[in-house]
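First the structure, in the form of structure tokens, and then the observations on it.
The values are calculated or read from the model by the stated rules, or taken from the named source; none is laboratory data. The structure presented is a predicted model; accordingly, all values stated were derived computationally and were not measured. Cβ placement follows ideal geometry from the backbone for every residue including glycine, while neighbour counts extend to all protein chains displayed. Heads up: the accessible areas ignore ligands, DNA and RNA and are worked out on the full protein's heavy atoms, side chains in. Shrake-Rupley method; radii C 1.70, N 1.55, O 1.52, S 1.80 Å.
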Amino acid sequence: MTTPESTTHGTPPLPAPQGTAANGAGEPGVGPSVVAGAGPVGRLGDRATVRLREGEPEEPPRYAPEWLRLREGADAAARAEELLDPLRARLAGSARHGGAPAVHDLGCGTGSMGRWLAPRLAGAQHWILHDRDPYLLHFAAAGSPRSAADGSSVTVETRRGDIARLTPDALAGASLVTASALLDVLTREEIVTLADACAGAGCPALLTLSVAGRVELTPDDPLDKDIAEAFNAHQRRNGMLGPDAVTVACEAFAARGAAVRVHPSPWRLGPEESALTEQWLRGWVGAAVEQRPELRERAERYLRDRLAACAAGELRVVVHHSDLLALPRPTGGAS
């Protein structure tokens, strides 16, 4: 989200991300660094999103394959299967007009969306995987499924690009646009650009696992609310929408004539997901402290206690997300 031995295909040791070392800007001083992608990464104020602009210098990767692999199981369990029936009906209508559906996966990371969705759809599919990081694109292509629900072939190609500059031409021939854990790191303008591109291409969009701004921890702690509020503020920095993204996306797609459905897709983390819970906790608390440094002293105690409860199998966490399906108004007699 394949560990061959070569450095080209394998997983290298993680460098300590800037701003996330113990006692650094993104981690309140308990235990090892946050895995890149689980918490604040890069210089203070940098945006963790998938961008690539022509002529700009290469940036270090924002998301480590280790983090994406760690969360893949929880992501798969959380995604809203309830949204698939209306999507299947729309794709079946498109298939009657000829050709294998072309699925554009934006910010694909290591390809977890394709591994989850392609085997749940019948018929041949061609996936176009978009990301700014060629290393992640390699993982995504290598790990992509090769067959659909009915045994039909699934083919894959990769593209590097800037999702903020999507146009209908970039999505020409698209049958579906997908993304996972992406909307909340976009600005309002970028979501409008995405909605415009999907509307111009006349294709549905399945956009999953956007943060909803709510977290439930059992047992509770008096500091839960302060950490959650600071984290949500961190998600909204620099114009990013964070927990407001789904509302903005619903409005943008609906304004362009799409029928929009939203369904909850929470992570439910217990003792079996302790490795993921540990990294999520470090990133969650680290982002809160980066946003509100005055929390640091209390947050160190809080994180220490939470990690101990996690290690003992005594902590349960529900991290709320939302999945969104936007179906454009049918054209040309399609159903």
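Of the residues in region 145-156, how many are surrounded by fewer than 21 Cβ atoms within 10 Å (Cβ to Cβ) and under 21 Å from the mean Cα position of the chain (by Cα)?
Residues that pass the stated criteria total 1.
Among the residues of region 157-192, write down those that are in a helix (DSSP H, G or I), touching a helix residue (DSSP H, G or I) at 6+ places or on another chain (Cβ under 6 Å) and buried (at least 19 other Cβ atoms within 10 Å of the Cβ).
Looking only at region 157-192, we keep the residues that are in a helix (DSSP H, G or I), and these are 163-165, 183-185, 188-192.
Those still in the list that are touching a helix residue (DSSP H, G or I) at 6+ places or on another chain (Cβ under 6 Å) too: 164, 183-184, 188, 190-192.
Answer for region 157-192, where residues must be in a helix (DSSP H, G or I), touching a helix residue (DSSP H, G or I) at 6+ places or on another chain (Cβ under 6 Å) and buried (at least 19 other Cβ atoms within 10 Å of the Cβ): Leu183, Asp184, Glu190, Ile191.
Could you please tell me which pairs satisfy a Cβ distance under 6 Å, a separation of 6+ or placement on different chains, a first residue in region 59-80 that is more than 15 Å from Gly143 (Cβ to Cβ), and a second residue that is modelled with pLDDT under 95 and open to solvent by 60 Å² or more (accessible area, probe 1.4 Å)?
Between residues of region 59-80 that are more than 15 Å from Gly143 (Cβ to Cβ) and residues that are modelled with pLDDT under 95 and open to solvent by 60 Å² or more (accessible area, probe 1.4 Å), the close pairs are Ala64/Leu14.
Among the residues in region 58-65, are any under 22 Å from the mean Cα position of the chain (by Cα), under 23 Å from Leu324 (Cβ atoms) and modelled with pLDDT of 90 or more?
No; the residues of region 58-65 include none that is under 22 Å from the mean Cα position of the chain (by Cα), under 23 Å from Leu324 (Cβ atoms) and modelled with pLDDT of 90 or more.
Please find, among Glu272, Glu294, the residue that is acidic (Asp, Glu) and either more than 30 Å from Leu83 (Cβ to Cβ) or modelled with pLDDT under 95 (or both).
Only one candidate passes the filter, namely Glu294.
Every residue in region 287-322 that is surrounded by fewer than 23 Cβ atoms within 10 Å (Cβ to Cβ) and small (Gly, Ala, Ser), please.
Ala308, Ala309, Ala311, Ala312, Gly313, listed by residue number.
So if I check each of His126, His130, which one is surrounded by fewer than 23 Cβ atoms within 10 Å (Cβ to Cβ) and within 24 Å of Arg79 (Cα to Cα)? So that I can check it myself, show each step before the final result.
Values: His130 fails: surrounded by fewer than 23 Cβ atoms within 10 Å (Cβ to Cβ).
Step by step, each of His126, His130 is checked, and only His126 is surrounded by fewer than 23 Cβ atoms within 10 Å (Cβ to Cβ) and within 24 Å of Arg79 (Cα to Cα).
Within region 270-286, restricting attention to residues that are of a type in the set (A, V, I, L, M) and crowded, with 24+ Cβ neighbours inside 10 Å, which residue is nearest to Ala309 (Cα to Cα)?
Leu281
Return the residues of region 199-234 that are open to solvent by less than 10 Å² (accessible area, probe 1.4 Å) and out of contact with any helix residue (DSSP H, G or I) (no Cβ under 8 Å at 6 or more places or on another chain); say none if nothing qualifies.
Once the filter is applied, which keeps residues that are open to solvent by less than 10 Å² (accessible area, probe 1.4 Å) and out of contact with any helix residue (DSSP H, G or I) (no Cβ under 8 Å at 6 or more places or on another chain), region 199-234 yields only Cys203.
Just checking, does region 148-165 include any residue being of a type outside the set (Asp, Glu) and under 21 Å from Ala80 (Cα atoms)?
Within region 148-165 (the criterion being of a type outside the set (Asp, Glu) and under 21 Å from Ala80 (Cα atoms)), the answer is yes, since at least one residue qualifies.
Which condition number does Ala334 fail, the rest of (1) farther than 30 Å from Gly202 by Cβ; (2) at pLDDT below 95 being met?
Going through the list (1) farther than 30 Å from Gly202 by Cβ; (2) at pLDDT below 95, Ala334 breaks only (1).
Could you tell me whether any residue of region 259-266 is at pLDDT below 95 and touching a strand residue (DSSP E or B) at 6+ places or on another chain (Cβ under 9 Å)?
Looking through region 259-266, none of the residues is at pLDDT below 95 and touching a strand residue (DSSP E or B) at 6+ places or on another chain (Cβ under 9 Å).
Would you confirm, using the coordinates I've provided, whether His104 is crowded, with 20+ Cβ neighbours inside 10 Å and in contact with a Lys or Arg (Cβ under 6 Å, 6 or more places away or on another chain)?
No: the conditions fail for His104.
Would you mind telling me which numbered condition in (1) at pLDDT below 95; (2) not in a helix (DSSP H, G or I) Asp196 fails?
Asp196 satisfies every listed condition except (2).
Within region 283-304, how many residues turn out to be more than 14 Å from Val319 (Cα to Cα) and in contact with a helix residue (DSSP H, G or I) (Cβ under 9 Å, 6 or more places away or on another chain)?
Result for region 283-304: 14.
What number of residues within region 220-255 satisfy the criterion of being within 25 Å of Val192 (Cβ to Cβ) and of a type outside the set (A, V, I, L, M)?
Number of matching residues: 14.
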